[in-house]
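The values are calculated or read from the model by the stated rules, or taken from the named source; none is laboratory data. Model, not experiment: these values are computed from the prediction. Neighbour counts are summed over all protein chains in view; Cβ atoms, including those assigned to glycine, are modelled from backbone coordinates with ideal geometry.
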Amino acid sequence: MILNEKVKFAIIGAGHIGKRHAEMVLRNPDAELVAICDILPKEKLGLDQFDVPYFDSAEAMFLSGLDFDVVNVCSPNGLHAKHAILALENRKHIVCEKPMGLSKAECENVIYTALRVSRQVFCVMQNRYSPPSVWVKDVIERKLIGEVYMVQLNCYWNRDERYYKQGSWKGTPDLDGGTLFTQFSHFIDIMFWLFGDIKDIQAKFNDFNHQHLTAFEDSGMVNFNFVNGGMGALNYSTSVWDQNLESSITVIGEKGSFKIGGQYMNEVEYCHIEGYEMPQLAAASPANDYGAYKGSAANHHYIIQNVIDTLKGRTSATTNALEGLKVVEIIERIYALRTLKKLQ
């Protein structure tokens, strides 16, 4: 447990998300940024605002002898498990960007290593901190809508050639993994967090306009049953023209219904529940803005604070390693149907 000292962080991967993590560490008075590493030159990444040692590999950073407590894994998806295990073997706690890995087996290896060396793994699912997410978690846990009948998750975003640049890891099968891993795992996490695991999965996939951009589908329609009761559907696409359309969840229950929508599941658009008055919610954080496209809510400061509070014994991880594994496993089961259809 880290009691009186600042919690020291090092970052693996200095792209958009890695810089975001570094900024949030610098802004926190209980945190200290110690190092950053990436395979690209520092000058090319625009890291002038971070006055810390820079390394061209994770291995070099660990061999440097620098003292730090936590490693934030912000490298491409397909390297998350590898970098997490390397950091754990060096006795560091882990903050792992989504997804935790590209397979359940990779995630199990991370969890096994963390247990063996007695270190924490924090999975970044920052949409849990959004005011509508906090509100709906309370509604579901208090069973205010009674039995859950139907859940529909819609994720319609734009990801075109402005995002999938030539030579980038994005869009590749080994480093990206697929649309559900990179774009929409946050929303699958919210669904799992609220309603639990799924079964009886059926799916259709299509690649409408990404044949020259990615190695996988850009759109899918998935339906299933929840293990805890009720049925659900996930409809997703990155083929929306020019800009994101919505990320929404609609829930039909025994005693009421609600819909959380907006581009990033950040607005309560409808709420009608028996004997219930909708409270005034705090404003949601803006989306992460990457210029031509936008990502999920900019809630990474909550993640860093949760890491600090957990390591100082004040609380527990908002998204633990098992939950990170479950999101990956759900996506893996959905994508198994994609592979099966190719073989037929």
Leading residue by the ranking (nearest to I334 (Cα to Cα)) among those in the stretch 102-114 that are aliphatic (A, V, I, L, M) and buried (at least 16 other Cβ atoms within 10 Å of the Cβ)
L102
Hey, could you check the stretch 258-273 for residues that are more than 23 Å from the chain's Cα centre (by Cα) and without any contact (Cβ under 8 Å) to a residue 24 or more places away in the chain and say which is nearest to W135 (Cα to Cα)?
C271
In the stretch 39-57, anything within 20 Å of I303 (Cβ to Cβ) and surrounded by 20 or more Cβ atoms within 10 Å (Cβ to Cβ) is listed as F50
Pairs with Cβ under 6 Å, 6+ apart, first in the stretch 56-77 and among the aromatic types (F, W, Y), second at pLDDT 95 or above:
F62/N90; F68/K8; F68/A10; F68/V34
Residues located in the stretch 186-215, provided they are among the hydrophobic types (A, V, I, L, M, F, W, C), without any contact (Cβ under 8 Å) to a residue 60 or more places away in the chain, more than 23 Å from G262 (Cα to Cα) and surrounded by 16 or more Cβ atoms within 10 Å (Cβ to Cβ):
L213
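Hey, any hits in the stretch 71-78 for a residue that's more than 22 Å from Q126 (Cβ to Cβ), of a type outside the set (D, E, K, R) and not in a helix (DSSP H, G or I)? Write out each step before concluding.
Going residue by residue through the stretch 71-78, those that are more than 22 Å from Q126 (Cβ to Cβ) are none.
Looking through the stretch 71-78, none of the residues is more than 22 Å from Q126 (Cβ to Cβ), of a type outside the set (D, E, K, R) and not in a helix (DSSP H, G or I).
Listed residues K326, K341, K312; which is at pLDDT 70 or above and either surrounded by fewer than 18 Cβ atoms within 10 Å (Cβ to Cβ) or aromatic (F, W, Y) (or both)? Walk me through it before giving the result.
Numbers: K326 fails: either surrounded by fewer than 18 Cβ atoms within 10 Å (Cβ to Cβ) or aromatic (F, W, Y) (or both); K341 fails: at pLDDT 70 or above.
On inspection, the qualifying residue turns out to be K312.
Residues checked against (1) within 19 Å of F122 (Cβ to Cβ); (2) assigned to a loop (DSSP other than H, G, I, E, B); (3) within 23 Å of the chain's Cα centre (by Cα):
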{"residue": "M1", "(1), (2), (3)": "yes, yes, no"}
{"residue": "N4", "(1), (2), (3)": "no, yes, no"}
{"residue": "I11", "(1), (2), (3)": "yes, no, yes"}
{"residue": "E23", "(1), (2), (3)": "yes, no, yes"}
{"residue": "E32", "(1), (2), (3)": "yes, no, no"}
{"residue": "E43", "(1), (2), (3)": "no, no, no"}
{"residue": "L47", "(1), (2), (3)": "no, yes, no"}
{"residue": "D67", "(1), (2), (3)": "no, yes, no"}
{"residue": "K82", "(1), (2), (3)": "yes, no, yes"}
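Return yes or no: is I36 under 15 Å from V73 (Cα atoms), touching a residue at least 40 places away in the same chain (Cβ under 8 Å) and either not polar (S, T, N, Q) or not assigned by TED's automatic domain parsing to the domain that holds E97 (or both)?
Numbers: under 15 Å from V73 (Cα atoms): yes; touching a residue at least 40 places away in the same chain (Cβ under 8 Å): no; either not polar (S, T, N, Q) or not assigned by TED's automatic domain parsing to the domain that holds E97 (or both): yes.
It is false that I36 is under 15 Å from V73 (Cα atoms), touching a residue at least 40 places away in the same chain (Cβ under 8 Å) and either not polar (S, T, N, Q) or not assigned by TED's automatic domain parsing to the domain that holds E97 (or both).
Every residue in the stretch 115-157 that is aliphatic (A, V, I, L, M), under 30 Å from A87 (Cα atoms) and surrounded by fewer than 19 Cβ atoms within 10 Å (Cβ to Cβ), please. Explain how you work it out, then say what you get.
Residues of the stretch 115-157 aliphatic (A, V, I, L, M): 115, 117, 121, 124-125, 134, 136, 139-140, 144-145, 148, 150-151, 153.
From what's left, under 30 Å from A87 (Cα atoms): 115, 117, 121, 124-125.
Of everything in the stretch 115-157, those that are aliphatic (A, V, I, L, M), under 30 Å from A87 (Cα atoms) and surrounded by fewer than 19 Cβ atoms within 10 Å (Cβ to Cβ) turn out to be L115, V117.
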